[in-house]
1. As a check on your grasp of the helix formula, calculate [θ] at 222 nm for the chain: sum -39500 (n - 2.57) over DSSP H runs of n ≥ 4, divide by the residue count, round to the nearest 500.
2. Hand me the chymotrypsin sites (Phe, Trp or Tyr not before Pro) from segment 27-135 located in a DSSP loop with no more than 14 other Cβ atoms within 10 Å, in residue order please.
3. List the trypsin sites (Lys or Arg not before Pro) within segment 148-232 that DSSP assigns to loop and that have no more than 12 neighbouring Cβ atoms inside 10 Å.
4. Just need the relative contact order of the chain here, percent rounded to a whole number, with Cα pairs under 8 Å and 6+ apart.
5. From the phi of every residue in segment 230-247, what ³J(HN,Hα) in whole Hz does the Karplus formula 6.51 cos²θ - 1.76 cosθ + 1.60 yield, where θ is phi - 60° and glycine or proline is x?
6. Taking H as built 1.01 Å from N, whose amide H comes closer than 5 Å to the amide H of residue 64, not counting residues under 5 places away?
7. Quick one: P(r) of segment 129-224 from all Cα-Cα pairs, 10 Å bins, percents rounded to integers, in order of increasing distance.
8. Quick one: which residues, 5 or more positions from residue 155 or on another chain, have an amide H under 5 Å from its amide H? H modelled 1.01 Å from N in the peptide plane, none for Pro or chain starts.
Amino acid sequence: MTAMPRCARAVLACAALVLAGASFAQGFPSKSIRLVVPYTTVGLPDVLARPVAAKMSESMGQQVLVENIPGAGGVIAAQMVARAQPDGYTVMLTTEAIYAITPALYSKLSYDPLRDFTPVTQALRGTLFLVANSSLGVDSVQQLIALAKTRPGINYGSPGNGLVHHLAMAQFALMAGVNLTHVPYKGVAFATPALLSGEVSLMFITLPSVLQHVKAGRLRILAAGSAQRSTFMPDLPTVAESGFPGFDVGFNMGFVVPAATPRALVERLHGEFVKALKSPDTESRLVRFGVEVVAGTPEQFGEQIRKDHEYYSRLVPQIGLKVD
């Protein structure tokens, strides 16, 4: 009997893996699934994770248990999930901070955001808005730039160093050629009151955090940071439309699993996540937080991850921000 050609053996091996994965998926899940959230129980990540987990628990016949593992900007949770068994029973909620910003800030990480995870679905995307305290006396991006050129060092706030809110304003200042002073706070809960009091005059922030204060006249929204106009404020121009083509800063959240998770399990999880995200009560709950439910394919989320990774790997050196 002649030896089987190497290429034929490879084809048979791949086929065996596919069949094994499909067989495994038929009995999946046979125990509870762990949904790791790399943040505290306060904030949009938890608002997203818990109703989705509840829906999936009902649909799959096994509990999907949310486990909050905050610390080190998501690094602790990410390195743990990267090393978890690729059996579909460990899933992580991820954001651009974990898969794009932190890798750009740190030269050495214990995980590789592109190599160590397999995308399941992008759950949502959100827009950051450029907001000014009304006492600053500006109503547009153009007025802000004109003022900043005569008054260098206007303070702007953020929920913390290296977060997307900080990077958005740093990029804006770089593109506009103005000098702004960053004042970081320990979260949105502290940064928003600082903006309201005038302790800082500017901030990139989500719409629900400031809308009531805009209606009361205490704050003014100058522009949307997204590439396209926000569906929530379609008459508001974007920063890009205001003279800065290519400006596109927002936030994304989605779900990933360890890299070697069989494709059949990824597809099963994807279907369950999409069903949970698109349920009317879950979607309406999330929309109230000013975000758009995406529920895209694994490939689409993978492309978004690569796009964000490239974007921040270029931006961070441009603004001179590095942690190590």
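Where a number appears in this text, it was derived from the coordinates with a stated rule and is not lab data. Just so it is clear, the model here is predicted, and its values are computed rather than measured. Neighbour counts run over all protein chains shown; Cβ positions are idealised from the backbone, glycine included.
1. Values: 11 runs with 136 residues, N = 324.
That calculation yields -13000 deg cm²/dmol at 222 nm.
2. Working: sites: 39, 89, 99, 106, 111, 117, 129; in loops: 39, 89, 106, 111.
Answer by residue number: there is no such site.
3. Values: sites: 149, 186, 215, 218, 220, 229; in loops: 186, 218, 229.
Here the trypsin sites (Lys or Arg not before Pro) that fit, given the DSSP loop and packing criteria, are 186.
4. On the way: 604 pairs, mean separation 86.5, N = 324.
For the chain, the relative contact order is 27 percent.
5. With coefficients 6.51, -1.76 and 1.60, one gets 6, 5, 7, 9, x, 8, 7, x, 8, 4, 4, 5, 8, x, 10, x, x, 5 Hz.
6. Residues meeting the amide H criterion: 33, 57.
7. Taking every Cα pair in segment 129-224, the percentages come to 18, 57, 25, 0.
8. 181, 201
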